[in-house]
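Below is one structure, written out as structure tokens, with a few remarks after it.
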Amino acid sequence: MYHYVRPTPADLPFSRYLHIDDFRKQLDFFAADEGFVTREDFLAVFDGGPIPDKGVVLTFDDAIDDHYRHVLPELRLRGLWGLFYVPTGMYAGGGMLDVHRVHYLLGRHGGMAMLAELEAMVEPRMLRSDHVAEFQHKTYRSQTNDEATTEFKRMLNYFVDIEWRDRLLDRLMERFADAEVVSRDWYMSSRDIRDMQHAGMIIGSHSISHPVFSRLPVADQEREIVGSFAYLEDVTGGLAVRTFCYPHGGFHTFTADTERLLDEHRCRFSFNVEPRDISRDDIHHRPQALPRYNCNMFPHGKARFGADESMDA
């Protein structure tokens, strides 16, 4: 699982990202250690084909411009493929998604500054009290963010009521960013998505607005799934296969209803975040919650912080 893969960004001194040179080294490591599962062999598994004894499958989340600008050329050079999971809300004029507004603010100004600003804005009535202990225990366990960064993300993604989240982020972006300019440079274009499918990549849904599905009513979950697939079917001229990836990831971020809805809307398989290999049991009994590893769990996968400090991706 990858997100940001890029050269050192000059305008985001506090950002966490996998440097493109380290990505190349990690691909070299995988090629020598495990090899890569072909697209054909991977898809055949879901039609009853054999599960390869070993091999790596690459997934990329969030439709970041990095994926078209830096990742695609590297994969094509090596004859590789990947699954690219796209949240679609920004293509319907919705601007920058909340999750990426959080990433931008942290990357531009750092966790301590942003947490101080957020704490000055948040009132008790804006917070939800249920599941606090659960989310404190389960969220961001595989990352090594500084405490302020983790708390800023946790507050906005889990503790602030959804009705207040947008308002708080609007206020922060008004003070610290030009959201329209940032959003234009952040994502792949619709044409880029189409080009990637034509190049042999698999395009999948990552919802519309990148919410925590377990926080949504079932009807809202369905709208996120149906709407995102409809957009991707249209922009690609027809998806090769319907596949989904849970925003934020982890079993606490989706429900049995989410998996049922994905089955009902002809999604063949979905990716969770659970660090282990895919098994035959996963394929046959729970294809809507396939496990996958974070790239930072393997050699050369440590993200850089700012210029060159190693942190988790």
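When I278, I208 are screened for being assigned to a loop (DSSP other than H, G, I, E, B) and within 17 Å of the chain's Cα centre (by Cα), only I208 passes. Would you check if G238 is outside the structural domain of H103 (by TED's automatic domain parsing), closer than 21 Å to L43 by Cβ and assigned to a loop (DSSP other than H, G, I, E, B)? Taking the combined requirement at face value, the residue satisfies it. The single condition from (1) surrounded by 16 or more Cβ atoms within 10 Å (Cβ to Cβ); (2) modelled with pLDDT under 95 that E180 fails is (1). Filtering the range 257-301 to residues that are surrounded by 15 or more Cβ atoms within 10 Å (Cβ to Cβ) and on the phi > 0 side of the Ramachandran plot leaves only H300. The set of residues in the range 75-97 that are in contact (Cβ under 8 Å) with a residue 12 or more places away in the chain and more than 21 Å from D41 (Cβ to Cβ) comprises V86, P87, T88, G89, M90, Y91, A92, G94, G95, M96, L97. Of the residues making up the range 23-74, those that are of a type in the set (A, V, I, L, M) and either touching a His at 6+ places or on another chain (Cβ under 8 Å) or under 20 Å from S190 (Cβ atoms) (or both) are A63, I64, V71, L72.
The condition of being over 16 Å from the mean Cα position of the chain (by Cα), aromatic (F, W, Y) and within 26 Å of V5 (Cβ to Cβ) holds for only one of F176, F254, that being F176.
With respect to the stated conditions, H300 fails to be touching a Pro at 6+ places or on another chain (Cβ under 7 Å), within 30 Å of G110 (Cβ to Cβ) and assigned by TED's automatic domain parsing to the domain that holds K54. For first residues located in the range 1-23 and over 24 Å from L290 (Cα atoms), partners that are of a type in the set (F, W, Y) and outside any loop (DSSP other than H, G, I, E, B) and lie 6+ apart or on another chain with Cβ distances below 8 Å form the pairs R6/Y17; P9/Y17; L12/Y104; F14/F305; S15/F305; R16/F305. Restricting V235, V273 to those that are touching a Gly at 6+ places or on another chain (Cβ under 6 Å) and among the aliphatic types (A, V, I, L, M) reduces the list to V273. Based on what the data block shows, is R69 outside the structural domain of I162 (by TED's automatic domain parsing) and touching a Lys or Arg at 6+ places or on another chain (Cβ under 9 Å)? It is true that R69 is outside the structural domain of I162 (by TED's automatic domain parsing) and touching a Lys or Arg at 6+ places or on another chain (Cβ under 9 Å).
Just to check your reading of the model, which residue among G110, G35, G55 is in contact with a Ser or Thr (Cβ under 9 Å, 6 or more places away or on another chain) and without any contact (Cβ under 8 Å) to a residue 40 or more places away in the chain? None of the other options fit; the residue is G55.
Among the residues making up the range 207-255, those that are among the small types (G, A, S), closer than 20 Å to R292 by Cβ and out of contact with any Pro (no Cβ under 6 Å at 6 or more places or on another chain) are S214, S228, A240, G249, G250.
The values are calculated or read from the model by the stated rules, or taken from the named source; none is laboratory data. Because the structure is predicted, anything quoted here is derived from the model rather than measured. All Cβ positions, even for glycine, are placed from backbone atoms using ideal geometry, and neighbour counts span all protein chains on display.
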